[in-house]
Structure formats: structure tokens, C-alpha cells
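Structure record follows, encoded as C-alpha cells.
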Amino acid sequence: MELVADQETKAPIDSKLAIKMQKAAYQACALIRVSGPNVILSPSLIIEEADIDITLGALEAGLKAIS
């Protein structure tokens, strides 16, 4: 998932914001990786609905942390 600072110009967010998002998602129980403005998800091949809910909730927490 690519994070942008401006939807029209597609300018990437500052890498410090991506790290802030990563930390907030980790605190909300999901391990995500960032590479520049990109969020990289690597879910298990065997995943339960509850795990998906946790991951989406953590992503939401991360996005709220940088918005």
C-alpha cells in the first residue's frame, strides 16, 4: 500500500510518518513493514477472520496516528 501526502500530485509521505504508522500499528498488535512510503503486509497463508480484523484495526490505528 503506497502512502501519499497529496492525492492529486501523488507525492509520497515523509518516511518519518511511515515509521510512525508502523509503530502505531505494532502497538495495536500487527506487525507491518515499511519501505519508504510503502506499507508491506505479509499475512499468513492460513488466516482466520479474527486475525484479519486485528490487522485492519491496527492499520486503522496507524493511519489515524499520521493523519
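The table that follows gives values for the structure above.
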| quantity | calculated |
| --- | --- |
| Within the chain, strands (runs of 3 or more DSSP E) holding 2 or more residues that are within 14 Å of the chain's Cα centre (by Cα) | 33-35, 38-40 |
| Unique residue being open to solvent by 70 Å² or more (accessible area, probe 1.4 Å), at pLDDT 90 or above and either in contact with a Pro (Cβ under 8 Å, 6 or more places away or on another chain) or of a type in the set (S, T, Y) (or both) when the list is P12, P37 | P12 |
| Where a residue in the stretch 9-31 is at negative phi and touching a residue at least 40 places away in the same chain (Cβ under 8 Å) and its partner, wherever it lies, is among the small types (G, A, S) and open to solvent by 70 Å² or more (accessible area, probe 1.4 Å), with Cβ under 9 Å and at least six apart | I13/A5; L17/A5 |
| Of residues in the stretch 48-59 being closer than 17 Å to M1 by Cβ and without any contact (Cβ under 8 Å) to a residue 24 or more places away in the chain, the one least open to solvent (accessible area, probe 1.4 Å) | I52 |
| Those residues of the stretch 30-59 which are of a type in the set (D, E, K, R) and touching a helix residue (DSSP H, G or I) at 6+ places or on another chain (Cβ under 9 Å), in sequence order | R33 |
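The values are calculated or read from the model by the stated rules, or taken from the named source; none is laboratory data. Please read all numbers here as calculations on a predicted model, not as lab measurements. We place every Cβ from the backbone using ideal geometry, glycine too, and count neighbours over all the protein chains shown. Each accessible area value is taken on the protein alone, full model and side chains, heavy atoms only, with ligands, DNA and RNA left out. Shrake-Rupley method; radii C 1.70, N 1.55, O 1.52, S 1.80 Å.
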